[in-house]
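Q: Attaching a single structure in structure tokens format; questions to follow.
Coordinate-derived values only; no laboratory data. For clarity, every value in this text was computed on a predicted model and none was experimentally measured. With ideal geometry, Cβ positions are generated from the backbone for all residues, glycine too; neighbour counts draw on all protein chains shown.
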Amino acid sequence: MLIGKAVRYALIASGALVSFSVAAAPADIITTRQQGLKQMGKAFKAISDNLKATPDVGLIRTNAAVIAMQAPKVGGWFPKGSGKEVGVKTGALPTIWQQRAEFDADSKKLADAAKAFSAAATKGNVDEIKASAGALGQTCKGCHQTFRERES
Ligand code: HEC
């Protein structure tokens with residue numbers, strides 16, 4: 001009986017996930033991803049600013065955790081049909097869907113760099129933190145150059 005119940009719950013849970021992804025309106029997808037990216041941008045800026053002053057490992061760890069939580073989600077924030085055709089303001093260029101494999105590779109680079117950065121923050125060696133923050137920043141830049149519209 002217990003197993004039957006567990007299976008039923010699993011079915012309900014997966015059904016809910018499927019109907020959510022179908023029901024989410026493209027404009028909501030864009031809003032959600034922009035909120036996530038903003039959060040990541042804010043955390044990264046807090047880290048960069050702090051590293052220019054006197055490094056506060058506690059502050060860096062807190063913000064590293066925010067980035068580590070958001071970074072693996074980035075690839076999934078850009079489903080087909082969530083570009084300019086939606087008609088809301090977005091910096092997502094059509095190249096994302098034209099060069100999907102490259103975009104996914106850039107998303108993976110970000111997730112890996114965020115993980116490495118988080119490990120360095122946990123360890124607490126400032127030189128390592130600085131080096132891995134630099135590497136992390138390169139992954140943001142790399143993707144933005146190809147896939148994000150430049151702000152004028
Ligand atoms: C795989 C590609 C990719 C990576 C990696 C990436 N970004 Fe972005 N980012 C984008 C795209 C595309 C947009 C435009 C999204 C939109 O407007 O819908 C964006 C937008 C943003 C925005 C603006 C959000 C808003 O609407 O105000 C910020 C801030 C940002 N990214 C920060 C970062 C930071 C910080 C990193 C690295 C830690 C990063 N991004 C890594 C693709 C990426």
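Q: For the stretch 15-150, what are Rg and Dmax over the alpha carbons, in angstrom?
A: According to the Cα coordinates of the stretch 15-150, Rg and Dmax are 16.0, 49 Å.
Q: Let me check I have the definition right: for the stretch 81-152, take the eigenvalues of the Cα gyration tensor, multiply each by 5, take square roots. What are those semi-axes in whole Å, largest first?
A: After diagonalising the Cα gyration tensor, the semi-axes are 30, 12, 10 Å.
Q: List the residues of the stretch 37-73 whose backbone N lies under 20 Å from a point placed 7 Å from the Cα of Lys123 along the Cα-to-Cβ direction.
A: The answer is 47-48, 51-52, 55-69, whose backbone nitrogens lie closer than 20 Å to the label point.
Q: Grab the Cα-Cα distance for Gln35 and Lys89, subtract it from 0.36 nm times how many residues apart they are, and report the gain in nm with one decimal.
A: Values: separation 54, 0.36 × 54 = 19.44 nm, distance 1.32 nm.
This chain segment gains 18.1 nm when fully extended.
Q: Using the Karplus curve 6.51 cos²θ - 1.76 cosθ + 1.60 with θ = phi - 60°, what ³J(HN,Hα) values do you get for each residue of the stretch 60-70, in whole Hz, with x for Gly and Pro?
A: Each residue of the stretch 60-70 in turn: 5, 4, 4, 6, 4, 5, 5, 5, 5, 6, 7 Hz.
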